[in-house]
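Novice: Have a look at this one.
The values are calculated or read from the model by the stated rules, or taken from the named source; none is laboratory data. Just so you know, these numbers come straight off a predicted model, no measurement behind them. Quick reminder, even Gly has a Cβ in these numbers, built from the backbone with ideal geometry, and neighbours come from all protein chains shown. Keep in mind that these areas ignore ligands, DNA and RNA; they rest on the heavy atoms of the full protein, side chains included. Shrake-Rupley method; radii C 1.70, N 1.55, O 1.52, S 1.80 Å.
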Amino acid sequence: MVTFAFLLGLPMLKSYVAFSAVVSISTIGLYISYAIPIFLRITVSRKHFVKGAFHLGFMSIPVAIIAVAWVSLITVVFVLPTAYPVTSLTLNYSPVAVGIVLVGSLVVWFLPVVGAHKWYHGAAAAKGGLAKLRVLKDYEDSVRAGTVNLSV
């Protein structure tokens, strides 16, 4: 896998446009991956959201709105051309790459019969995974204390 990533990164050594496109794609992907749950939290699941141990209280919604606005702005900035005049050699191809990933993700999610929306039901923590982790931690604590019976 490292060799494959290295080979994909080789064009960046010769071309400023390739380097800026890879940086733009990476930044946009990272920011959007953070913004999607924040956006869904302040829109779709506003009333059903269960707060965790750490939350911002009354400032949660304003901070979330600012975060989504910032990601929207920075996404636009990172898809702008990096060199003028814009030619086929200096065009920023990151919008094309991000668009392909977005369309591919939506197609895989919404496929009629075998789409991910049919079989993916969330993270393990939402399905009792935290309770299992607590049991494991209690077991590890009792092993350290020497109070557990290891015989079957």
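Novice: How would 49, 4 rank on accessible area, largest to smallest, probe 1.4 Å? Could the numbers behind the result be given before it?
Specialist: Numbers: 49 100, 4 125 Å².
Descending accessible area places them as 4, 49.
Novice: I would also like to ask the following. Arranged from highest to lowest average of other beta-carbon atoms within 10 Å per residue, in what order do the peptides 38-48, 71-81, 110-120 appear? Don't skip to the answer; put the middle values down first.
Specialist: Details: 38-48: 12.2, 71-81: 14.7, 110-120: 9.5.
Peptide ranking by packing, descending: 71-81, 38-48, 110-120.
Novice: Applying the Karplus parametrisation 6.51 cos²θ - 1.76 cosθ + 1.60 with θ = phi - 60° to the phi angles of segment 85-98, what ³J(HN,Hα) value in whole Hz is obtained for each residue in order, glycine and proline being reported as x?
Specialist: x, 7, 10, 5, 7, 10, 5, 7, 8, 5, x, 5, 5, 5
Novice: How would you classify segment 29-115 from its alpha-carbon gyration tensor, with a ≥ b ≥ c the square roots of the eigenvalues: rounded for a/c under 1.5, else prolate if a/b is greater than b/c, otherwise oblate?
Specialist: Values: a/c = 4.03, a/b = 1.48, b/c = 2.72.
Here segment 29-115 falls in the oblate category.
Novice: Using a 1.4 Å probe on the protein heavy atoms only, what accessible surface does residue 147 show? Give it in Å² to the nearest 10.
Specialist: 110
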